[in-house]
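Here the structure comes first, spelled out in structure tokens, and everything after it is commentary.
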Amino acid sequence: MKKSYFGVMAMVVVLVGMCIPIATTLAQEAGAPAGEVQAELAESITFGTLLKQGGWAMYPLGLFSVAMFYFIIRNALLLREKNMLRNDLKEQIEELMRKRDVAGVRELCAANDSLITAVLDAGMERVSDEHDYDAQHVMDAIEEAGNEQMVTFMKPINFLSIIGGTAPMLGLLGTVSGMIKAFTLIAQEGMGDPGKLAGAIGEALITTATGLVIAIPAMIAYFIFKNNFIKSMSTMGRMVGHYLNIYRYAKVD
């Protein structure tokens, strides 16, 4: 699939490269020197003009860009280590564990929703009283809760990967659409109207560029958030193990 994707991309690049000289030649044949044409284009092209020239593909690409910013901001706020690991509760949890106060630990976890409190609460749920502690039973519950939390937190991170992988393909589809229009104009009207041909070629180029502009930051953000979350999950496992060891070896009065 990757070979066919890059093969299509290479064909489109070649076709665009063939059409750019054609558009330039048509502009020169229309009576305007190349330098004047470039100067006029530089003055007339605006951001809104580029969006309009990109055609239908710019609308879904615009939605992709909004979704990208939303998930980047959302993940940046929710995946902060202090929010997930709650180091500010460490002393309180340790004190309750030393007392083997299962109900107190669960109340504290319920009042402070986070990654580590959700996992710790699932483990303490398997402890019926201070004299009944089955380490394997508790660890199974913690592993199940950890997997559940990983799926929950990874979902918005994976959306960035979907955007990063889909945006270039959508841009490529817009490029193919623009090239089809360009060659259709050549077939129907010949080389007589350089403006229409240049517009179709512009649509082909703009959509590809827009797709890449969206995909690059989306993929960078995806890998950053993913790596940071995996690191937080490892730290969470170590901290939960520390709390359980305190409970396990605490003296029972």
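The values are calculated or read from the model by the stated rules, or taken from the named source; none is laboratory data. If you're wondering where the values come from, they're calculated on a predicted model, not measured in any experiment. Glycine gets a Cβ as well: all are built from the backbone with ideal geometry, and neighbour counts include every protein chain shown.
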- Residue within the stretch 131-140 that is out of contact with any helix residue (DSSP H, G or I) (no Cβ under 6 Å at 6 or more places or on another chain), exposed (fewer than 14 other Cβ atoms within 10 Å of the Cβ) and of a type in the set (Gly, Ala, Ser) present: yes
- In the set SER114, SER44, which member is of a type in the set (Ser, Thr, Tyr), at pLDDT 75 or above and either out of contact with any strand residue (DSSP E or B) (no Cβ under 9 Å at 6 or more places or on another chain) or farther than 22 Å from LEU160 by Cβ (or both)? SER114
- Item | Test for ASP88: is it at pLDDT 90 or above, under 35 Å from the mean Cα position of the chain (by Cα), surrounded by fewer than 20 Cβ atoms within 10 Å (Cβ to Cβ) and not in a loop (DSSP other than H, G, I, E, B) | yes
- Looking only at the stretch 144-159, decide whether some residue is farther than 20 Å from TYR222 by Cα and among the small types (Gly, Ala, Ser). yes
- Item | Residue satisfying condition, being of a type in the set (A, V, I, L, M, F, W, C) and either modelled with pLDDT of 50 or more or part of a loop (DSSP other than H, G, I, E, B) (or both), within set MET97, MET9 | MET97
- Query: Consider PHE153 against the criteria (1) under 30 Å from TYR249 (Cα atoms); (2) within 25 Å of the chain's Cα centre (by Cα): it satisfies all of them except one. Which criterion is unmet?
  - Reply: (1)
- Item | Positions within the stretch 70-85 being outside any helix (DSSP H, G or I) and either of a type in the set (A, V, I, L, M) or surrounded by 18 or more Cβ atoms within 10 Å (Cβ to Cβ) (or both), in sequence order | LEU79
